[in-house]
Amino acid sequence: MVDDNDNSRFRLTKGVVILVIVSLLGLGAVFYMYTVYVEDLQYSSLPEISASDRILIVSPHPDDESLGTGGLIKKALEKNASVEVVMVTTGDAMSPEDFKKYLTSTNNANYKGTIGDLRHTEAINAVTALGLSSNNIIFLGYPDGSLKNLLETNWDTAYKRTSGSNQNDHSPYNFTYEKNAPYTGANVVKNLEQIMKDYKPTIIYYPDDGDDHPDHFATSAFVRYSALQTNYTGKSYTYLVHKGIAWPSPLNYQPSRTLHFPSELAVLDADWYSTSLNATQEAAKEKAIKAHASQVTALRDLLLSFIRTDEIFATYHKIDIQKIGSIDSIWTTLPSSSYQDVKNDDKTGLLQKGDDLSAAGVAYDDNNVYLFSQSQSVNNGLGYNFHLRLFNGTDVKRVDILAKNGKAEYQTLAKNSITSNQQPTVTTKNSIIVVTLPRGLFNGTKYMMLSTDMVNPQNNGLLDFLSYRVFKFPDQIATADNSLFGGVTSEVAGFIVNTNPGVTTAKQVSNSVTGSKSEVGGNNLGLVNQEESQDILSATDANF
């Protein structure tokens, strides 16, 4: 018989052992997380800035300019370079109720402005700490937390927020670049393009499209779009702010450490750069970050963890589209005109088989253009979207394809959407899904932006996505005649520009070509026959 004291000692010993094991496992997890985030990628030194440089910093929110490029701004000004900062939103997603609580907690209850007004002031104080003035910062005033909506679904129809302090469909601020700017994606790029034309930057710094924040993803796409449209030929670098739950690592104030990209990003098609900061530059960056007091209060550890002895950046090159013999070659080896995604980065946090996209790209042969994506396995019950922007040197056309249940359909999401009466086809094999489109649809296209995503069709919930990349078409396609960009002929009247958004299927587009009309939600789309569509195309083209 064992007495109670022996049982107590046994329970105590057992508890200690369990505690030690749990502690070791915890330390192991922490060590693993740390090594994942600090393992070195291969960095090159960021090229030196000269006095002749004109640097444009594009920031989704007030504070991103300081977190991602604060030290670089200070360094550039020391070289007598010119620096301009563009603030895409004013960071006004906080609700009036939460803003009131914040003001009370900071003994500032008598403040009469909005959160947008406050963050406008904080941004000016931040860039002033870096050596700029209020004349060097441009506020566009677009809605915080909604830039992805403007990029994807509200390109030319105004978006109105239903939450936060700014529940408008246009900029309500008197300090913005364009007064009453409508909340559309088209207006964002209109502003950015005009700024690029006027300022004539030699270097652009903008958010990395692998950033976890959708506003950063969207801003990255807007900048690339605008750079292509303005024929920008200077240098460009991306900066990262949000990635995972433990980056930067360690996630606290460590001013003597260096900054490292998460090693998981090594699979991306990027070149990595680092620039060192001296004590003066780092101190200026710290002062700038702390000027965003409303954000430091809420996210202190995250923001202060960017105060390091260096800053890091990435570049992405245009991808030349590969010609292949036929679709069959895609099944064995993905074409060189593909790019990879970070593994196990599904957006639900509940990774299931098939939910994780791993690669995407585009290829062509004599007759077709092939869009493809790769995942752990193809699930026909999910929706696979391909989003394309086609640049011909004058204007931009848009193609959006949804593949689901072994079929594909065009989606008309904007006035510049184009479709074809030749329905796209879907082929799947192993872990790859391929959408085949007629090559003639791309004639005259010099560059294409491509993004893919995977959604749950039941609620359109995003499961995973691959960010936009810029692809370069070969000369035989880029210089080929296309009725969309020149005179329309009956032989190619199957390609039409949709001046009335709402057509969502290839079947509806086919009906339009034969003269029938469709209605969506009771609105007559005014779709016309071949002869009528020819007149519309010629008139529309003349306006570009």
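Nothing in this text is a laboratory measurement; each read-out follows from the coordinates by a stated rule. Bear in mind that the values here come from a model prediction, so they are computed numbers and not experimental data. Cβ atoms come from the backbone with ideal geometry, glycine included; neighbour counts cover every protein chain shown.
In this structure, the amide hydrogen of His170, modeled 1.01 Å from its nitrogen in the peptide plane, lies closer than 5 angstrom to those of Tyr183, counting only residues at least 5 positions away or on a different chain.
Ordering Thr219, Thr89 by the number of other Cβ atoms within 10 Å of each residue's own Cβ, fewest first, gives Thr89, Thr219. Sorting 239-248, 206-215 by average packing, meaning the other beta carbons within 10 Å per residue, from highest down gives 206-215, 239-248. Spatially, the range 390-419 and the range 246-292 are offset by 38 Å when compared through their Cα centroids. Cβ-to-Cβ counts within 10 Å put Asp301, Asp53, Asp366 in ascending order as Asp366, Asp301, Asp53, the fewest first. Residue separation of Ser256 and Asn367 scaled by 0.36 nm, minus their Cα-Cα distance, works out to 34.2 nm of gained length.
Restricting the range 184-237 to chymotrypsin sites (Phe, Trp or Tyr not before Pro) that sit in a DSSP loop and have at most 12 other Cβ atoms within 10 Å of their own Cβ leaves nothing. Working note: Karplus 6.51/-1.76/1.60 with θ = phi - 60° gives the range 378-388 the couplings 7, 10, 4, x, 8, x, 10, 9, 10, 10, 10 Hz, where Gly and Pro are set to x. Across the range 167-184, computed HN-Hα scalar couplings (Karplus, 6.51 cos²θ - 1.76 cosθ + 1.60, θ = phi - 60°) run 9, 10, 10, 7, 5, x, 8, 8, 10, 8, 4, 10, 5, 6, 4, x, 7, 9 Hz from first to last residue, x flagging Gly and Pro. Taking amide hydrogens as placed 1.01 Å from N in the peptide plane, the amide H of Gln340 sits under 5 Å from those of Asp269, each at least 5 positions away in sequence or on another chain.
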